[in-house]
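Structure first, then comments.
The values are calculated or read from the model by the stated rules, or taken from the named source; none is laboratory data. None of the values given here were measured: they were computed from a predicted structure. Please note: Cβ atoms are built from the backbone with ideal geometry, for glycine as well, and neighbour counts cover all protein chains shown. Side chains included, ligands, DNA and RNA excluded: accessible areas come from the protein's heavy atoms. Shrake-Rupley method; radii C 1.70, N 1.55, O 1.52, S 1.80 Å.
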Amino acid sequence: MKIKIAIQKKGRLSEKSLNLFKECGIRFENGIGNLKMSATNFPLEVLLLRDDDIPQYVEAGVADLGIVGQNVVWEKTDNVDEIRRLGYGKCRLSIAVDKNYNYKSISYIENLQIATSYPNILRKFLEKNGAKAKIHKISGSVEIAPGIGLANAVCDIVSTGSTLTLNGLKEVETVLKSEAVLIATKNLPAEKQAVLDKLLFRMNAVQKAKDNKYILLNAPNDKVETISNILPGMKSPTIVPLKEEGWSSIHSVINENDFWEVIEQLKKVGAQGILVMPIEKMII
Ligand code: PRT
Ligand code: ZN
């Protein structure tokens, strides 16, 4: 049973989404097609669409799965399953006002007329905060709205913040933090769920590998115990004797987040010749 996944045809998420399939070992027939691509070694068909359309296609079951920003999903529907965050396309949806506006707290929102392409998310945010404001729904170039007198605030996607600064605006409220997510039609049939599980297994292996590094080092035998306690590894470290009497080589896996701290500790207790290598896939 084939599974259909909708991804962005052209834009910020396209390349990274295709790369994710590649990292999962999935290959396609004739490179990138116009509308559809079929995988040659996995029961997968890819539909290439505008990101705004992806949530509805998945909701309707035209595509079983989709990859799209949470900001787009939450604006369009709450009738799909969010399966997994993908770690790319990170951004936030924020309210911004004129840089000279003396905005102090959420109660100041009553004075705003906010231009946005995200009226549904914004409305829910206002309700949740018991705040009222006028919403102007516009599509595209939201950041210029205050300059042309359409509104005195915007609610738009921000990444570095330079677009806001260029337009004389400053961020005052974060409405949502977003990244690309894998979404699925509700109640997928069992055969399709089985294919999804296979895909998720691969995605997990790729993600775990990115989060971890393989480490090798040399140590005098009397330090092996101390070093093993710093380096728990997947089960426990591998210890191999070196040709030089009284020395061992220790191999293990460390998490990217603990990386520098662990290296410092290892050096302190006498580890030498530390090598750190990327891991391509990690299955535990
Ligand atoms: O053609 P299609 O409709 O498919 O694409 P699109 O133009 O609507 O979307 P695209 O490709 O721009 O973005 C796709 C997704 O990437 C978005 O839905 C977000 O989830 C995510 N993303 C991450 C961003 C940004 N970063 C981003 N910086 N989407 C848009 N921006 C824009 C933002 O709208 C603003 O104009 O970049 C500007 C702000 O950037 P900074 O760095 O100046 O703050
Ligand atoms: Zn779009």
Return a yes/no flag: does region 73-91 have any residue that is out of contact with any Leu (no Cβ under 6 Å at 6 or more places or on another chain), part of a strand (DSSP E or B) and within 16 Å of ligand 2 (Cβ to nearest atom).
yes
Search result, residues across region 146-167 that are part of a loop (DSSP other than H, G, I, E, B), open to solvent by less than 20 Å² (accessible area, probe 1.4 Å) and more than 9 Å from ligand 1 (Cβ to nearest atom):
ALA151
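Inside region 1-26, can you point out the residues that are in a helix (DSSP H, G or I) and among the polar types (S, T, N, Q)?
Restricting attention to region 1-26, the residues satisfying the condition of being in a helix (DSSP H, G or I) are 14-23.
Result: SER14, SER17, ASN19.
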State whether one or more residues within region 229-236 are modelled with pLDDT of 95 or more, open to solvent by 40 Å² or more (accessible area, probe 1.4 Å) and over 28 Å from the mean Cα position of the chain (by Cα).
no
Looking at this structure, is GLN8 touching a residue at least 60 places away in the same chain (Cβ under 8 Å), open to solvent by less than 10 Å² (accessible area, probe 1.4 Å) and within 10 Å of ligand 1 (Cβ to nearest atom)?
no
Flag if GLU45 is more than 16 Å from ligand 2 (Cβ to nearest atom), of a type in the set (Asp, Glu) and closer than 29 Å to PRO119 by Cβ:
no
For region 87-109, name all the residues that are open to solvent by 20 Å² or more (accessible area, probe 1.4 Å) and either within 28 Å of the chain's Cα centre (by Cα) or not assigned by TED's automatic domain parsing to the domain that holds LYS132 (or both).
GLY87, TYR88, GLY89, LYS90, CYS91, ARG92
Residues of region 110-124 being in a helix (DSSP H, G or I) and open to solvent by 50 Å² or more (accessible area, probe 1.4 Å), which ones?
GLU110, ASN111, ASN120, ARG123, LYS124
Residue list for region 37-50, filter: within 16 Å of ligand 1 (Cβ to nearest atom) and in a strand (DSSP E or B)
VAL46, LEU47, LEU48, LEU49
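Do you know which residues across region 51-61 are open to solvent by 10 Å² or more (accessible area, probe 1.4 Å) and either over 16 Å from LEU196 (Cβ atoms) or part of a helix (DSSP H, G or I) (or both)?
Scanning region 51-61 gives ASP51, ASP52, ASP53, GLN56, TYR57, GLU59, ALA60.
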Evaluate the following for LEU242: is it touching a strand residue (DSSP E or B) at 6+ places or on another chain (Cβ under 6 Å) and either modelled with pLDDT under 95 or closer than 18 Å to MET277 by Cα (or both)?
no
Lone qualifier among LYS22, LYS10 - being within 13 Å of ligand 2 (Cβ to nearest atom) and more than 24 Å from ASP81 (Cβ to Cβ):
LYS10
Assuming ALA184 fulfils every condition listed in (1) at pLDDT 95 or above; (2) open to solvent by 20 Å² or more (accessible area, probe 1.4 Å); (3) in contact with a Leu (Cβ under 7 Å, 6 or more places away or on another chain) apart from one, which condition is it?
(2)
